[in-house]
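Chemist: Below are the structure tokens for one structure; questions will follow.
The values are calculated or read from the model by the stated rules, or taken from the named source; none is laboratory data. A quick note: this is a predicted structure, and the numbers were derived from the prediction, not measured. Glycine gets a Cβ as well: all are built from the backbone with ideal geometry, and neighbour counts include every protein chain shown.
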Amino acid sequence: MNSSDTYEKPLRSYIQSRVGALENKLEEVVNNRSNIEADQLEQQIDRETDNFIADVTRRLHQMRDEIKTHRPTDHQAPDYEIRLNQYRQFVESSSTGVNQVTEWIHSMFEKIISIVKSIVQWINDNAQTILKIIEQIRDAFKLLSTLFFRH
């Protein structure tokens, strides 16, 4: 049993497809950002990343359960010890592959979360400046209207 071909490669492929879906959804969120408040934008990004994590976790649990089905159960079989040792090696190899994928996901999410926090912070920082400019424009129009329309 080769855990890399059996589990790690399909898991990586699955995660890559889910990352693509997440990327598309986040792009959609960013493209609609002018219609969304910063808090709502942040919540939507949180929801999408939570969905991604839940999907990958569900897939890992399925994989774990599938690995367990390969455990030899017939203690009386003449090759039981050999099959049990093969199973142990398979579990160790699968565990190593899962750990590598998990580290990759963790690293990816650290980067994503850092970028999202920076974007939200930038939005929040600049929102105040933009609001101040809009207030100044509003005040200028109020002054202008009082000057021109004063009787």
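Chemist: Return the pair list, or none, for Cβ contacts closer than 9 Å from residues in region 127-151 that are closer than 25 Å to D39 by Cβ and assigned to a helix (DSSP H, G or I) to residues that are modelled with pLDDT under 75 and not acidic (D, E), at least 6 apart or on different chains.
Modeler: A127/A38
Chemist: Given the structure, is I67 of a type in the set (A, V, I, L, M, F, W, C), surrounded by 12 or more Cβ atoms within 10 Å (Cβ to Cβ) and under 28 Å from K9 (Cα atoms)?
Modeler: For I67, the condition - of a type in the set (A, V, I, L, M, F, W, C), surrounded by 12 or more Cβ atoms within 10 Å (Cβ to Cβ) and under 28 Å from K9 (Cα atoms) - is met.
Chemist: If you don't mind, another one. Kindly indicate whether any position in region 80-96 is surrounded by 11 or more Cβ atoms within 10 Å (Cβ to Cβ), of a type in the set (K, R) and more than 22 Å from R12 (Cα to Cα). Give the steps one after another, and end with the answer.
Modeler: So the first thing to find is which residues in region 80-96 are surrounded by 11 or more Cβ atoms within 10 Å (Cβ to Cβ), and the list is 80-96.
Still in the running and of a type in the set (K, R): 83, 88.
Filter once more, keeping what is more than 22 Å from R12 (Cα to Cα): 83, 88.
So far as region 80-96 goes, yes, one or more of its residues are surrounded by 11 or more Cβ atoms within 10 Å (Cβ to Cβ), of a type in the set (K, R) and more than 22 Å from R12 (Cα to Cα).
Chemist: I need a count of the residues in region 69-103 that are among the hydrophobic types (A, V, I, L, M, F, W, C) and free of Cβ contacts under 8 Å to residues at least 12 places away in the same chain. Outline the logic, then answer.
Modeler: To start, the set of residues in region 69-103 that are among the hydrophobic types (A, V, I, L, M, F, W, C) comprises 77, 82, 84, 90-91, 98, 101.
Pick out the ones that are also free of Cβ contacts under 8 Å to residues at least 12 places away in the same chain and you get 77, 82.
So the count comes out to 2.
Chemist: Go through region 98-151 and report how many residues are over 30 Å from L60 (Cα atoms), among the hydrophobic types (A, V, I, L, M, F, W, C) and at pLDDT 75 or above.
Modeler: At the first step, the residues of region 98-151 found to be over 30 Å from L60 (Cα atoms) are 118-151.
Restricting the remaining residues to those that are among the hydrophobic types (A, V, I, L, M, F, W, C) gives 119-120, 122-123, 127, 130-131, 133-134, 137, 140-141, 143-144, 147-149.
Narrowing the set further to residues that are at pLDDT 75 or above leaves 122, 133-134, 137, 140, 143.
Summing the residues that are over 30 Å from L60 (Cα atoms), among the hydrophobic types (A, V, I, L, M, F, W, C) and at pLDDT 75 or above in region 98-151 gives 6.
Chemist: From K68, K111, K132, K117, which residue is more than 30 Å from Q16 (Cα to Cα) and charged (D, E, K, R)?
Modeler: On the way: K68 fails: more than 30 Å from Q16 (Cα to Cα); K111 fails: more than 30 Å from Q16 (Cα to Cα); K117 fails: more than 30 Å from Q16 (Cα to Cα).
After applying the criteria, what remains is K132.
Chemist: Turning to a different aspect of this structure: Could you tell me whether region 55-76 includes any residue that is assigned to a helix (DSSP H, G or I), within 17 Å of V101 (Cα to Cα) and at pLDDT below 80? Before the answer, list the steps.
Modeler: Initial filter on region 55-76 (assigned to a helix (DSSP H, G or I)): 55-68.
Filter once more, keeping what is within 17 Å of V101 (Cα to Cα): 55-64, 67.
Okay, now just the ones that are also at pLDDT below 80, so none.
So far as region 55-76 goes, no, none of its residues is assigned to a helix (DSSP H, G or I), within 17 Å of V101 (Cα to Cα) and at pLDDT below 80.
Chemist: Among the residues of region 100-112, are any hydroxyl-bearing (S, T, Y) and more than 26 Å from the chain's Cα centre (by Cα)?
Modeler: Of region 100-112, the ones hydroxyl-bearing (S, T, Y) are 102, 107.
Keeping just the survivors that are more than 26 Å from the chain's Cα centre (by Cα) gives none.
Among the residues of region 100-112, not one is hydroxyl-bearing (S, T, Y) and more than 26 Å from the chain's Cα centre (by Cα), which makes the answer no.
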